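Asker: Structure in structure tokens, see below.
The values are calculated or read from the model by the stated rules, or taken from the named source; none is laboratory data. All of these numbers come straight from a predicted model, not from anything done at the bench. Counting neighbours? That spans all protein chains shown, and the Cβs are built from the backbone with ideal geometry, glycine included. Accessible surface is based on the protein model in full, side chains and every heavy atom, while ligands, DNA and RNA are left aside. Shrake-Rupley method; radii C 1.70, N 1.55, O 1.52, S 1.80 Å.
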Amino acid sequence: MLSSLQKPALTCAFVFAGCVTAGLAQNTGNALPPVLDVHVHAMDESWGNADTPTCPNAAKFQASNPATKEGPIGWSQEECTPKLYPSAKGEYMKDVVAEMKRINVTAVVFGDPASVKKWMDADPGHVIPGTSFADGEKLGARVPLEDLRKDFTIGGFKVMGEIGLQYEGISPSDPSVDKYFALAEELDIPVAIHMGTGGSGRANIDSPKFRGSMGDPLLLEELLARHPKLRVQVMHAGYPMIDNMLTLLQANSHVYVDVAGLIWSYPIKEVNRYIERLVDAGFEDRVMFGTDQMEWPKLMAYSISIIQNADYLTPEQKRDILYNNAARFLRLDTSKKP
């Protein structure tokens with residue numbers, strides 16, 4: 001017998017082309033209700049190619065052999081329905097923007113300012129710009145504090161993120177980066193911090209300084225004690241450290257989580273179990289939808305369907321996760337909301 005936690009996967013597995021429409025139908029007439037995706041990357045290109053699909057919610061992760069070349073982030077090779085395909089060369093941003101318009105998504109898009117501005121130009125009505133103090137792809141490089149101040153006070157950026165200190169093996173409460181969080185608190189800018197999952201085998205494959213222990217949500221406590229007015233978005237909901245995540249949420253009522261990355265890259269039963277724990281513990285108003293959108297343009301629609309088909313959520317809870325909670329966290333003007 002299938003448990004209720006397994007049902008959402010089957011709903012989309014057999015009819016992916018229509019699963020998002022079917023999942024949203026309960027809330028829509030001619031137009032789809034708005035969705036806020038709080039975790040999208042300002043990529044110009046898909047990392048793969050049109051001939052290499054992936055299976056979302058892979059059923060298992062591969063063990064690897066240190067004597068051989070590591071595989072890509074530990075995903076197993078398996079047959080699945082649906083499969084998600086990367087865009088053709090040069091088409092990724094256009095494809096994702098078209099998807100956002102089709103399914104009525106507004107996204108917080110993270111990256112360096114120049115890359116994010118390309119997305120803003122491509123879809124000015126659906127992009128909330130975010131940037132961080134990481135300077136390019138060189139690990140540990142920092143943007144000068146005053147340059148970052150200008151991004152937020154003059155450049156129009158709204159969120160500080162993605163802050164990926166875990167990939168450097170650094171705690172978010174480390175004093176070496178405190179001045180950036182002090183700036184965010186001063187300017188009342190929310191911060192989005194990578195915590196928890198980095199994908200199976202991350203430290204083996206391409207990030208040798210990555211430390212799972214630096215993704216413990218409770219490492220945020222000292223940061224929050226120093227900056228009590230700081231709004232924090234815990235990316236990936238601190239997965240898989242649910243007990244510590246709940247402890248942090250209980251102690252700090254202005255901390256929110258997103259379910260990005262987690263929602264599509266782990267077995268569906270595990271995904272639903274984790275989200276259900278957050279909701280059952282009483283934090284339904286602080287769970288935000290996100291994809292960690294990269295590589296596959298249809299990933300956003302697929303991820304929405306996971307929430308829409310979750311039979312442990314009420315219709316009101318689904319709307320809160322897909323829109324209302326993020327609108328509150330980001331302090332958006334919802335007076336003109338459809």
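Asker: Pick out, in residue order, every one of the trypsin sites (Lys or Arg not before Pro) in segment 205-301 that is DSSP loop and has at most 11 other C-beta atoms within 10 Å; say none if there are none.
Answerer: Passing both the DSSP loop test and the Cβ count: Lys229.
Asker: Sticking with this structure for a sec: Amide H of Ala107 versus every other amide H placed in the peptide plane: which residues, excluding those fewer than 5 positions away on the same chain, fall under 5 Å?
Answerer: Amide H neighbours of Ala107: Asp37, Val127, Ile128.
Asker: While we're on this one: Pairs to check: Lys60/Lys138; Lys158/Lys298; Lys89/Lys138; Lys89/Lys209. Give those whose C-alpha atoms are more than 28 Å from each other in this structure. Before the final figure, lay out each step's value.
Answerer: Values: Lys60/Lys138 32 Å; Lys158/Lys298 26 Å; Lys89/Lys138 25 Å; Lys89/Lys209 31 Å.
Correct reply: Lys60/Lys138; Lys89/Lys209.
Asker: Decide, for segment 115-273, between rounded, prolate and oblate: order the square roots of the alpha carbon gyration tensor eigenvalues as a ≥ b ≥ c, take rounded if a/c falls under 1.5, and otherwise choose prolate if a/b is larger than b/c, else oblate.
Answerer: Rounded.
Asker: Then there's this: Can you give me the % of accessible surface on segment 110-160 that is carbon or sulfur? Probe 1.4 Å, all protein chains present, nothing else counted.
Answerer: Here it works out to 54 percent.
Asker: How about segment 225-331: which chymotrypsin sites (Phe, Trp or Tyr not before Pro) there lie in a loop by DSSP and see at most 16 other Cβ atoms within 10 Å?
Answerer: Passing sites in segment 225-331 are Tyr312.
Asker: How much of Thr68 can a 1.4 Å solvent probe reach, expressed as accessible area in Å² and rounded to 10?
Answerer: Ignoring ligands and nucleic acids, Thr68 comes out at about 80 Å².
Asker: Right, another one. Any idea of the accessible area per residue across segment 231-302, 1.4 Å probe, to the nearest Å²?
Answerer: 27
Asker: With a 1.4 Å probe and every protein chain kept in, tell me what percent of the accessible surface of segment 190-338 is carbon plus sulfur.
Answerer: 49
Asker: How big is the accessible area of Glu162 in square angstrom, nearest 10, if you roll a 1.4 angstrom probe over the protein chains?
Answerer: 40
Asker: Return the loop-located trypsin sites (Lys or Arg not before Pro) in segment 95-200 (DSSP other than H, G, I, E, B) with at most 11 other Cβ atoms within 10 Å of their own Cβ; answer none if there are none.
Answerer: Lys138
Asker: Moving on to the next point. Give the shape of segment 253-293 as rounded, prolate or oblate, defined through the alpha-carbon gyration tensor: a ≥ b ≥ c are the square roots of its eigenvalues, a/c under 1.5 means rounded, and otherwise the shape is prolate if a/b is larger than b/c and oblate if not. List each step's numbers first, then the result.
Answerer: On the way: a/c = 3.33, a/b = 1.32, b/c = 2.52.
Oblate, since a/c reaches 1.5 and b/c is not below a/b.
Asker: Taking only protein heavy atoms into account and a 1.4 Å probe, give the accessible area per residue of segment 72-142 in Å².
Answerer: On a per-residue basis, segment 72-142 sits at 49 Å².
Asker: Now, a different point. Assign one of three labels to segment 60-160, namely rounded, prolate or oblate, based on the Cα gyration tensor with a ≥ b ≥ c the square roots of its eigenvalues; rounded applies when a/c is under 1.5, prolate when it is not and a/b is larger than b/c, and oblate otherwise. Show your work: numbers first, answer last.
Answerer: Values: a/c = 2.96, a/b = 1.38, b/c = 2.15.
Because a/c hits 1.5 or more and a/b fails to exceed b/c, segment 60-160 counts as oblate.
Asker: Hey, how many Å between the Cα centroid of segment 90-117 and the Cα centroid of segment 295-316?
Answerer: 18
Asker: Hey, what's the per residue convex hull volume over the C-alpha atoms of segment 266-329, in cubic angstrom? Display every interim value, and only then the final one.
Answerer: Details: hull volume 5.6 nm³, N = 64.
Measuring per residue, one finds 87 Å³ for the Cα hull of segment 266-329.
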